[in-house]
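The values are calculated or read from the model by the stated rules, or taken from the named source; none is laboratory data. In this text, all values refer to a predicted model and were calculated from it rather than measured experimentally. Counting neighbours? That spans all protein chains shown, and the Cβs are built from the backbone with ideal geometry, glycine included.
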Amino acid sequence: MTKICYLCSPKRNSMKHRNLTSSEISQLQAQGCTAANWSDVRVADGFCADYIRRVSFCGTVLLGTFNKDVTLAGGIVRHSGIEDATLFDVTVGDDCLIRSVRRHIARYDIGARTVIDSIGLLAVDGECTFGNGVKVSVLNETGGREVIIHDTLSSHEAYMTALYRHRPAFIDAIGAIITRSVDAVRSNRGTIGQDCLITDCGDIIGVRIGDCCKISGASSLKNGSILSNASAPVYIGKSVDCEDFIISSNSSITDGAMLTRCFVGQACHFGHGYSASDSLFFSNCQGENGEACAIFAGPYTVTHHKSTLLIAGMFSFMNAGSGSNQSNHMYKLGPIHQGTLERGAKTSSDSYILWPARVGAFSLVMGRHVTHSDTTNLPFSYLIEKGETSYLAPGVNLRSVGTIRDAKKWPKRDGRTDPVQYDFINYNLLSPFTIQKMLKGVKTLENLRYASGELSDSYSFHSVKITNSALHRGLEMYRTGILKFMGNSLISRLQDKDGGFSFSSEEQMRARLLPDSRIGRGEWVDISGLIAPKSEIEALMTAIENGRVSTLEQIHEAFKTMADNYYSYEWNWACDKFPEVFGVDPEKMTAQDAIRIVGEWKEAVVGLDRMLYDDARKEFNLASKTGFGADGDRVQKEIDFEQVRGDFENNSFVKSVLEHIRAKSELGDRVIEALKKL
């Protein structure tokens, strides 16, 4: 990792400054300026005193030049300079505009062209680490899973630190690495980068501010870092109150949001009075109106609604419905329980979960659930409340338009523009992580059917009920998903870089199917956005424990290596599963075996797309048109609906599904034709 630091203080003595001349001192005094000792005020060559008025200088103050105009909001133009301020031990860069400081600015190095206008206090009071080193009591409010936040924290590092407490040697070792990083930023001086705008604010105490940051109307900012830069600026808006925090690049905190002991990752947005404490938010999270306490919000955790409380939970790629709530204690030993909604899980309006519980990936939670269910090996499910009983419909979310739409929108909504990105995000809906769960899900459902009988009305599993029809449908959906993934992997491996299939013999075909290594065989994990073999995560922890990995940069590079090699590792895993799924060893696969598998893949892909097509049609039925055609008849309702929503066949999603069917059918035919020639 090439670490880019936008917040390092310039060495004050590296700038060439001279003492004021007697005439400059006289001019400054005539303009209402005072100094405890004029010899402590030094200026850059080219300094002009004309634009320094009513300023009190204390301690060592270094001033740049003030030669350019500054354009403020509304097009008002002011000349750079300093007015109505007290400066104590401050460095001011060239062409800054500082005015109307109600109290003072103390111990700050301010970059060139920065505007500071109408603020209360800007100071560093003693030694400070600017939010680095703050311990966030994530998941368990009473402690035990604390994550130490720092400038380069990734969701993957935080995941390991919070959850892998069963390896105390690892926790101690990574804690020592982080502590060294925290010590490196420790200082009794703060920095404000170049081209910043800080206006109409209250107190800013112990906060480092990167280049191009805009802070407008913030109430209070204490002990934090704002990692803004020219490529990915940060915006802090009106009435924002933050304490013990780090806010990463591209993020915006606006409209009365309140954050206490929080890490905000890259390209996040919080506003409309959102409040959070002891929580971690990683890339592209959004929070408005509601509350969060002790949550681990992996990439793309989104909550927009009032009366929505996320507490003591782990989430990623998640959308919380209005009024969603969880409880993390049962009125016995306090708020000690936690829960997980695995990647892509959603909650509907007014849903409730009593922790501890675990919800499988890409599942939908509807209603109230108090039975501490664990559906981790039954992903893509609906968890539904019926008469105070939790029912599970396994696999049905695989055919949901919403699931596919979400998978397509996430990459498009990545707002990160920073040249250095810390979270490695895998967007794949089907991966070894989810397919291994489907394989376990098939075995689970088959065992339930065997144990309770083929004709049972319902089956009990980990505090949930599964109806007979839901069980059979779940088996069908999981098998379809498995065939789709395995076929995708096979075809991708057989395909040339230009999209063709140039092998001329079965031997050449089998040579392409040889695994690259043994890495990837075995269990896979999703460590908050990064999907990787568990063996590689364990190897990294071992390397940290024994000191072979001893810096945050090395940890970052290890995660990057896993992300870069995902498809190689994925094929290694798929190779290992071919005998289980198809009864064929890839090293012994014949052309006829491959033709059969591609045929099954084609049937699975087209069948799943047809289900999506039918699900999309529901959005265009008569019930969906209720509310259209105000004050009119059915004909007007139809016309109004089409003018607003369009017609079914021309809907962009519907057209994409039909195009996907065409493209995959054509691909399958091309592969089969190539295989028939062998």
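List of remarks:
- For the range 56-134, the strands (runs of 3 or more DSSP E) that sit wholly inside it and include 2 or more residues that are at pLDDT 95 or above are 61-63, 81-88, 97-106, 108-110, 115-123.
- In the range 567-593, of all residues being more than 28 Å from the chain's Cα centre (by Cα) and among the acidic types (D, E), the one that is modelled with the lowest pLDDT corresponds to E587.
- Count - residues of the range 384-398 that are in contact (Cβ under 8 Å) with a residue 60 or more places away in the chain, surrounded by 23 or more Cβ atoms within 10 Å (Cβ to Cβ) and more than 15 Å from N468 (Cβ to Cβ): 2
- Residue-level check: of (1) at pLDDT below 95; (2) part of a helix (DSSP H, G or I), C5 misses just (2).
- Candidates in the range 38-68 are the residues that are in contact (Cβ under 8 Å) with a residue 40 or more places away in the chain and in contact with a Gly (Cβ under 6 Å, 6 or more places away or on another chain); of these, the one that is nearest to R78 (Cα to Cα) is G64.
- Filtered residues of the range 542-591 (kept if in contact (Cβ under 8 Å) with a residue 60 or more places away in the chain, surrounded by 17 or more Cβ atoms within 10 Å (Cβ to Cβ) and not in a helix (DSSP H, G or I)): M589
- Candidates are the residues of the range 408-433 that are of a type in the set (K, R) and part of a loop (DSSP other than H, G, I, E, B); the one that is surrounded by the most Cβ atoms within 10 Å (Cβ to Cβ) is R416.
- Filter result for A320 (touching a Gly at 6+ places or on another chain (Cβ under 9 Å) and over 21 Å from D244 (Cα atoms)): yes
- Hey, I177 under 19 Å from S118 (Cβ atoms) and aliphatic (A, V, I, L, M) or not: no
- Put simply, of D125, D151 the only residue that is among the charged types (D, E, K, R) and more than 21 Å from the chain's Cα centre (by Cα) is D125.
- Hits in the range 228-248 - residues which are in a loop (DSSP other than H, G, I, E, B) and either crowded, with 24+ Cβ neighbours inside 10 Å or under 19 Å from the mean Cα position of the chain (by Cα) (or both): S228, S231, P233, V234, V240, S248
- Considered as a group, the residues in the range 432-464 that are modelled with pLDDT of 95 or more and of a type in the set (K, R) include one that is nearest to the chain's Cα centre (by Cα), and that residue is K437.
- Residue in the range 440-453 that is in a helix (DSSP H, G or I), surrounded by fewer than 15 Cβ atoms within 10 Å (Cβ to Cβ) and of a type in the set (G, A, S) present: yes
- Taken together, F66, F57 contain a single residue that is over 40 Å from the mean Cα position of the chain (by Cα), of a type outside the set (V, I, T), closer than 16 Å to D195 by Cβ and surrounded by 15 or more Cβ atoms within 10 Å (Cβ to Cβ), which is F66.
- Residue within the range 130-138 that is touching a strand residue (DSSP E or B) at 6+ places or on another chain (Cβ under 6 Å), buried (at least 23 other Cβ atoms within 10 Å of the Cβ) and among the aromatic types (F, W, Y) present: yes
- Hits in the range 556-582 (condition: within 19 Å of A543 (Cα to Cα) and of a type in the set (F, W, Y)): F559
- Residue in the range 196-215 that is within 20 Å of E288 (Cβ to Cβ), of a type outside the set (D, E, K, R), outside any strand (DSSP E or B) and out of contact with any Phe, Trp or Tyr (no Cβ under 6 Å at 6 or more places or on another chain) present: no
- With respect to the conditions (1) in contact with a Lys or Arg (Cβ under 7 Å, 6 or more places away or on another chain); (2) on the phi < 0 side of the Ramachandran plot, D195 lacks only one, and its number is (2).
- Boolean, E538 is of a type outside the set (A, V, I, L, M, F, W, C) and closer than 24 Å to S181 by Cα: yes
- Filter result for L455 (touching a residue at least 12 places away in the same chain (Cβ under 8 Å), closer than 30 Å to F582 by Cβ, among the hydrophobic types (A, V, I, L, M, F, W, C) and out of contact with any Gly (no Cβ under 7 Å at 6 or more places or on another chain)): no
- Checked against the criteria, A267 does not count as in a strand (DSSP E or B), crowded, with 24+ Cβ neighbours inside 10 Å and either touching a Leu at 6+ places or on another chain (Cβ under 7 Å) or among the small types (G, A, S) (or both).
- In the range 15-34, the residues that are outside any helix (DSSP H, G or I) and of a type in the set (D, E, K, R): K16, R18
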